[in-house]
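The values are calculated or read from the model by the stated rules, or taken from the named source; none is laboratory data. What you are looking at is a predicted structure, and each value in this text was computed from that prediction instead of being measured. Because the Cβ atoms are built from the backbone with ideal geometry, glycine has one as well, and the counts that use them run over all protein chains shown.
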Amino acid sequence: MHRKNNLFSICIITVIFFIGCSDDKTQLISNTPTDLPYQNYKINLQSNSGSFLETVTIYWNEIEGEVELMDSSTPITPNGNSHLFNLEPGEFKDISIQVKLDDSTYVDSIQIFTRPVYPVTNFKYNIVTVQTGNETKYHRNLTWSATEEPSENFLNYTIYRAESVNADVLINPTDCSCDIATLSLADTSYTDLTVQEESGLFAYFYQVQVTTGNGSRNSLIYNYTNFTSPLKIVLDTSNVSTNNNEFIQITWEPIINSNTLYQYEIWRSPDEELSDTTLLAIITNPEQGKFMDRNAGNGTSWYYSVAVVDINGKRKFSGFIAGWSKP
């Protein structure tokens, strides 16, 4: 995306150069304050990305002229100074906007995204004993902290189980026919009485899936380590932008050859000492390789890292790389 921005800037310069030779051409002006003849024409794109499961609304300044949104190559004519997009949970889109006024066209772009379904957290299990006559039986007791999904979204929890020699099937459990229980939002524990284990061993592995009316999300697989964890992301100065207004863009090489990636995490710190790191976004799509921080402000500098989390919950941070936005 960084390269595209550079190419776009070159195209803008070329168009402006030819304006002097012909008055019938349209002048393209990017949403950069020094390029705008009047500060009032600044588009100032904003959104409520990451707040909802299936919709994102973008907003911009009320300005004169014809406004056209572009979803990839599809034009959209909005009403007023906002527009609502319907998306899947965890989906990312790149949206551009054009404002045509007299002989000039003002352009800006924004990345919008919905949040993924909230999984259960603190999922773990331990052995409990059940005494039947003279026989002691060992069973797994599963516990977790409830999903943060609102009750009106929630449908059920599904418990999946796999033998330790075949635990990889839990990466896509809906394909394995290995569900053993369906529970309600009030449930935060489950004892599996249908199989036995030896004390201290893991003959079986488990997973809890949260299902809503919009989608689903699996838990981490507690204590499972017999897999190849994805490598960490490598960031350098070319991956974090220093030439944009009102946002800083982070790009990375997606991990597309691993099925053990649970999520990417975008972390931000105000200083190199990492005194106050903040989690900005969770990305579940392994093919996503860009994040636009629209809350960076103007004339600010931040340090960014992309963390890789595997299906067991192990987190690997890239180095924190500095980026800044124009004043």
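Some observations on this one:
- Checked against (1) under 27 Å from ALA162 (Cβ atoms); (2) more than 24 Å from the chain's Cα centre (by Cα); (3) surrounded by fewer than 16 Cβ atoms within 10 Å (Cβ to Cβ), GLU273 passes all but a single condition, namely (1).
- Any hit, the range 301-318, residues being assigned to a loop (DSSP other than H, G, I, E, B), of a type in the set (Gly, Ala, Ser) and modelled with pLDDT under 95: no
- Hey, THR211 assigned by TED's automatic domain parsing to the domain that holds PRO173 and either surrounded by fewer than 16 Cβ atoms within 10 Å (Cβ to Cβ) or under 30 Å from PRO150 (Cα atoms) (or both) or not: yes
- For the range 267-290, the set of residues classified as closer than 18 Å to ILE233 by Cα and small (Gly, Ala, Ser) consists of SER269, ALA281, GLY289, listed by residue number.
- Positions within the range 180-199 being of a type in the set (Val, Ile, Thr) and either part of a loop (DSSP other than H, G, I, E, B) or at pLDDT below 95 (or both), in sequence order: THR188, THR194, VAL195
- Taken together, ILE112, ILE171 contain a single residue that is surrounded by 15 or more Cβ atoms within 10 Å (Cβ to Cβ), in contact with a Lys or Arg (Cβ under 9 Å, 6 or more places away or on another chain) and under 30 Å from ILE250 (Cβ atoms), which is ILE112.
- Residue satisfying all of: in the range 120-150; among the hydrophobic types (A, V, I, L, M, F, W, C) and at pLDDT 95 or above; nearest to ARG217 (Cα to Cα) among these: VAL120
- The residues of the range 112-146 include none that are of a type in the set (Asp, Glu) and within 28 Å of the chain's Cα centre (by Cα).
- Hits in the range 151-168 - residues which are modelled with pLDDT of 95 or more and among the β-branched types (Val, Ile, Thr): THR158, ILE159
- Selection within the range 180-208 - surrounded by 13 or more Cβ atoms within 10 Å (Cβ to Cβ), of a type in the set (Asp, Glu) and under 20 Å from TYR138 (Cα atoms): ASP192, GLU197
- Check on VAL169, part of a helix (DSSP H, G or I), among the β-branched types (Val, Ile, Thr) and within 31 Å of the chain's Cα centre (by Cα): yes
- Residue within the range 304-319 that is touching an Asp or Glu at 6+ places or on another chain (Cβ under 6 Å) and not polar (S, T, N, Q) present: yes
Here's the yes/no breakdown for (1) more than 26 Å from ILE171 (Cα to Cα); (2) touching a helix residue (DSSP H, G or I) at 6+ places or on another chain (Cβ under 8 Å); (3) in a loop (DSSP other than H, G, I, E, B); (4) among the polar types (S, T, N, Q):
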residue	(1), (2), (3), (4)
PHE227	no, yes, yes, no
ILE233	no, no, yes, no
ILE250	yes, yes, no, no
ASN257	no, no, yes, yes
GLN263	no, no, no, yes
ILE266	no, no, no, no
GLN288	no, no, yes, yes
MET292	yes, no, no, no
GLY297	yes, no, yes, no
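- Any pair with Cβ under 7 angstrom, 6 or more apart, that starts in the range 130-158 at a residue that is in contact (Cβ under 8 Å) with a residue 60 or more places away in the chain and more than 22 Å from LEU193 (Cα to Cα) and ends at one that is part of a loop (DSSP other than H, G, I, E, B) and of a type in the set (Phe, Trp, Tyr): THR147/TYR118; GLU149/TYR118
- The numbered conditions (1) buried (at least 19 other Cβ atoms within 10 Å of the Cβ); (2) closer than 26 Å to PRO89 by Cα are all true for GLU253 except (1).
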